[in-house]
Amino acid sequence: MNSDAAKIIQDATRIIVIQAENPDGDSLGSSLALEEILGDLGKKVTLYCPVEIPKYMRYIQGWDRVVTEFDTHADLAIIVDTKADVLLTKVLETPGVRHFLESHPVLVIDHHATASTLSFDHTLLTADAVATSEVIYELATSQHWSINQSAAENMLVAILSDSLGLTT
């Protein structure tokens, strides 16, 4: 697993986890799992999405911890479940956010087979997987990071969402 990704995370204290403006079960479940895993490592984590979490996903415990205000005090941004500028249009149009992404380390964790179209420097952690949470799982286990029950449940939500209930 990518040791650069682990080093970037280990060097950070405050982390903002960014979802695209089309949040789904994978992006939300992966964000919540990261919050748990990174929190257990002593990191202060903010979950950010430029739009409100859709009502159909509000059964997922923790959805209400996702904020629509960008935390510019973070020293690392982690983008989950996308590596496309077009899916981050609202993020990039938020005053100060593009500058933040251009002047801070950015880690992108994704499972899509497409090439990155992000217009700022970033470290990419990707794998051919059903959901982004699988990539997070591989990173966490390769680094011997704890995966608590809440993190595991959120990873399951992500996998169930992107596999249509394990049917694909």
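Looking only at the range 1-20, filter to residues that are aliphatic (A, V, I, L, M) and touching an Asp or Glu at 6+ places or on another chain (Cβ under 9 Å); which one of those is surrounded by the fewest Cβ atoms within 10 Å (Cβ to Cβ)? So, considering only residues that are aliphatic (A, V, I, L, M) and touching an Asp or Glu at 6+ places or on another chain (Cβ under 9 Å), the one surrounded by the fewest Cβ atoms within 10 Å (Cβ to Cβ) is 1.
Quick grid of which residues meet (1) of a type outside the set (S, T, N, Q); (2) more than 14 Å from the chain's Cα centre (by Cα); (3) over 18 Å from residue 153 (Cβ atoms); (4) modelled with pLDDT under 95:
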residue: 11; (1), (2), (3), (4): yes, yes, yes, no
residue: 21; (1), (2), (3), (4): yes, no, yes, yes
residue: 34; (1), (2), (3), (4): yes, no, no, no
residue: 37; (1), (2), (3), (4): yes, no, no, no
residue: 41; (1), (2), (3), (4): yes, yes, yes, no
residue: 48; (1), (2), (3), (4): yes, no, yes, no
residue: 53; (1), (2), (3), (4): yes, yes, no, no
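In the range 116-126, the count of residues that are among the charged types (D, E, K, R) and either surrounded by fewer than 19 Cβ atoms within 10 Å (Cβ to Cβ) or at pLDDT below 95 (or both) is one or more.
Checked against (1) in a helix (DSSP H, G or I); (2) in contact (Cβ under 8 Å) with a residue 60 or more places away in the chain; (3) out of contact with any Pro (no Cβ under 6 Å at 6 or more places or on another chain), residue 91 passes all but a single condition, namely (3). The set of residues from the range 65-88 being open to solvent by 10 Å² or more (accessible area, probe 1.4 Å), part of a loop (DSSP other than H, G, I, E, B) and out of contact with any Leu (no Cβ under 8 Å at 6 or more places or on another chain) comprises 68, 69, 70, 71, 72, 73, 75, 81. Here residue 139 meets the list (1) out of contact with any strand residue (DSSP E or B) (no Cβ under 9 Å at 6 or more places or on another chain); (2) surrounded by 12 or more Cβ atoms within 10 Å (Cβ to Cβ); (3) part of a helix (DSSP H, G or I); (4) not aromatic (Phe, Trp, Tyr) almost entirely, failing just condition (1). Sort out which residues of the range 21-61 are open to solvent by less than 40 Å² (accessible area, probe 1.4 Å) and more than 24 Å from residue 126 (Cα to Cα), and write them in order of number. Passing the criteria: 51, 53, 54, 57, 60.
Evaluated against (1) farther than 18 Å from residue 7 by Cα; (2) surrounded by fewer than 18 Cβ atoms within 10 Å (Cβ to Cβ); (3) acidic (Asp, Glu), residue 134 falls short on exactly one condition, (2).
Restricting to the range 89-111, name every residue that is of a type in the set (Val, Ile, Thr) and either touching a Ser or Thr at 6+ places or on another chain (Cβ under 8 Å) or open to solvent by less than 10 Å² (accessible area, probe 1.4 Å) (or both). Step through it out loud before you land on a result.
Step one: filter the range 89-111 for residues of a type in the set (Val, Ile, Thr), giving 89, 91, 94, 97, 106, 108-109.
Across the range 89-111, the qualifying residues are 91, 97, 106, 108, 109.
Of the residues making up the range 32-79, those that are within 22 Å of residue 96 (Cα to Cα) and of a type in the set (Gly, Ala, Ser) are 74, 77.
The values are calculated or read from the model by the stated rules, or taken from the named source; none is laboratory data. These numbers come from a predicted model, not from an experiment. All Cβ positions, glycine included, derive from the backbone under ideal geometry; neighbour counts span all protein chains shown. We work out accessible area using only protein heavy atoms, side chains counted, and drop any ligands, DNA or RNA first. Shrake-Rupley method; radii C 1.70, N 1.55, O 1.52, S 1.80 Å.
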